[in-house]
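Read-outs throughout are calculated quantities, based only on the coordinates presented, and are distinct from any laboratory measurement. Quick caveat: nothing in here was measured; it's all calculated off a predicted structure. So basically every Cβ, Gly included, is an ideal-geometry build from the backbone, and we count neighbours across all protein chains shown.
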Amino acid sequence: MKAMRLEGIGQLFTREVDKPTPGPDDLLVRVEACGVCGTDRHLFHGEFPSRPPVTLGHEFSGIIEATGSHVSGFAVGDRITGDPNIACGRCSHCVNGRVNLCRNLQAIGIHRDGGFADYVLVPQKQAFLLPAELDPMHGAFCEPLACCLHGIDLAGIQAGSSVVVLGGGVIGLLAVQLARLAGATTVILSTRQASRRTLAEELGATASVDPSAADIIETIAGPNGLVPGGVDVVLECAGVGETVIQATKLARPGGTAVILGVMPQGETISIEPFDLLFREVKLVTSFLNPFTHRRAADLIASGKIEVERLISRKVSLAEAPAVVSNPPAKGEVKVLVVPGL
Ligand SMILES: [Zn+2]
Ligand SMILES: [Zn+2]
């Protein structure tokens, strides 16, 4: 079978490899689609810890082709989404319910072979059923949606909340939709790219702003801004230092800023603790998808989250290394690697 392998920093190739054999608790899954994520680019550039050689791809779904001898509740032919983040269940964080902080965390597509391949092994405890009638491309959105859900949960969005989403990539555009579903009545998306602002408004944002056109703090939280004084919740979905700073300033006194974006390891920013203290702004970070994958799968299955319009293009495994090793094209939201192409 074919697989896209990270063989070292800056070394990414699609190769012929052996088809994996499922262990007793594994599902052998024929990958239908696997999303390219910013984390894959960080891994390629050595900006995120990894363990090459390894097959990348952590946002995948597909059809079960074989099951191990101890598997129950799944059958050959079922469509599943895999939660890539495998917690040990025994360390001090796991036993306290903080599985995303597991000391022995193993991620499919980062530490062990992932979904940029014809087939991937998924331990049964990491698999969640998807409907047979679902569009085969849509299951690949469960993982990013699950990460987004964790951030939305931490943000404490309530009916009537005001929310700013910084960043118009896939996480930002999913966050806009989840914030509306959670009951936010004001959802403002900030991104430089006009096509993404238009899309955000079509997906439920009540307004969108171009941070390069004017001072975004004034435009949103200033006396004559869209929400004078700031918003209840800011979701930083860009993974950029500048937007993390903006997030703390756009939150109203007592408001919450949640960082979902992944900045390159080692990068630092400067913020003013006095300002955070004086306005008692909660600065919260949201890492991975603890216990949210089932809800994400249900949301995708329900069709309540629009994902079709987030697919910018579909590429084959042969084309995939060029996609991951280059920055995203302008206006691109999500590229799916489709092994069947
Ligand atoms: Zn990802
Ligand atoms: Zn653990």
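With viscosity set to 1.002 mPa s at 20 °C, what whole-number translational diffusion coefficient in µm²/s follows for the chain from Stokes-Einstein and a Kirkwood radius over Cα pairs? Translational diffusion coefficient: 105 µm²/s.
Backbone phi angles across segment 157-171, fed through the Karplus curve with coefficients 6.51, -1.76 and 1.60 (θ = phi - 60°), yield HN-Hα couplings of 5, 10, 3, x, 5, 9, 9, 10, 10, 9, x, x, x, 4, 5 Hz in residue order; Gly and Pro are listed as x. Summary value for the chain: 19 percent relative contact order, contacts being C-alpha pairs under 8 angstrom separated by 6+ residues. Counting only residues at least eight positions apart within a chain, or on another chain, the lysines with an alpha carbon under 27 Å from that of K314 are K2, K19, K304, K330, K334.
Taking Cα atoms only, the orientation of helix 142-155 departs from the longest principal axis of the chain by about 30 degrees. Only sites in a loop by DSSP and with at most 14 other Cβ atoms within 10 Å count here; which chymotrypsin sites (Phe, Trp or Tyr not before Pro) in segment 218-302 make the cut? Qualifying residues, ordered by number: F291. Here the contact order of segment 1-73, divided by its residue count and restricted to Cα pairs under 8 Å and six or more residues apart, works out to 42 percent.
Beta bridges from DSSP with both residues in the chain: antiparallel share about 55 percent, rounded to the nearest 5. Relative contact order of segment 147-285: 22 percent, from C-alpha pairs under 8 Å at least 6 residues apart in sequence. For the chain, what is the mean residue ellipticity at 222 nm derived from helices alone (per DSSP H run of n ≥ 4: -39500 (n - 2.57); sum divided by total residues; nearest 500 deg cm²/dmol)? Rounded to the nearest 500, the figure is -7000 deg cm²/dmol.
Taking Cα centre as origin and charging only the Cβ of basic (Lys, Arg, +1) and acidic (Asp, Glu, -1) residues, the dipole magnitude of the chain rounds to 280 debye.
By its C-alpha gyration tensor, with a ≥ b ≥ c as the square roots of the eigenvalues, how is segment 33-93 shaped: rounded for a/c under 1.5, else prolate for a/b larger than b/c, else oblate? It comes out oblate by the Cα gyration axes. Residues whose amide H comes within less than 5 Å of that of T285, counting only those at least five positions distant or on another chain, are I259 (H built at 1.01 Å from N in the peptide plane). Were the residues from R294 through Q193 laid out at 0.36 nm apart, the gain over their Cα-Cα distance would be 33.1 nm.
Taking GluC sites (Glu not before Pro) as exposed when DSSP calls them loop and at most 11 other C-beta atoms lie within 10 angstrom, the chain has its longest site-free stretch at 134-266. Scaling the Cα radius of gyration of segment 146-273 by the globular reference 2.2 N^0.38 Å produces a ratio of 0.94.
About the centre of its Cα atoms, segment 147-285 shows a dipole size close to 220 debye [charges on the beta carbon of Lys, Arg (+1) and Asp, Glu (-1) only; nearest 20 debye].
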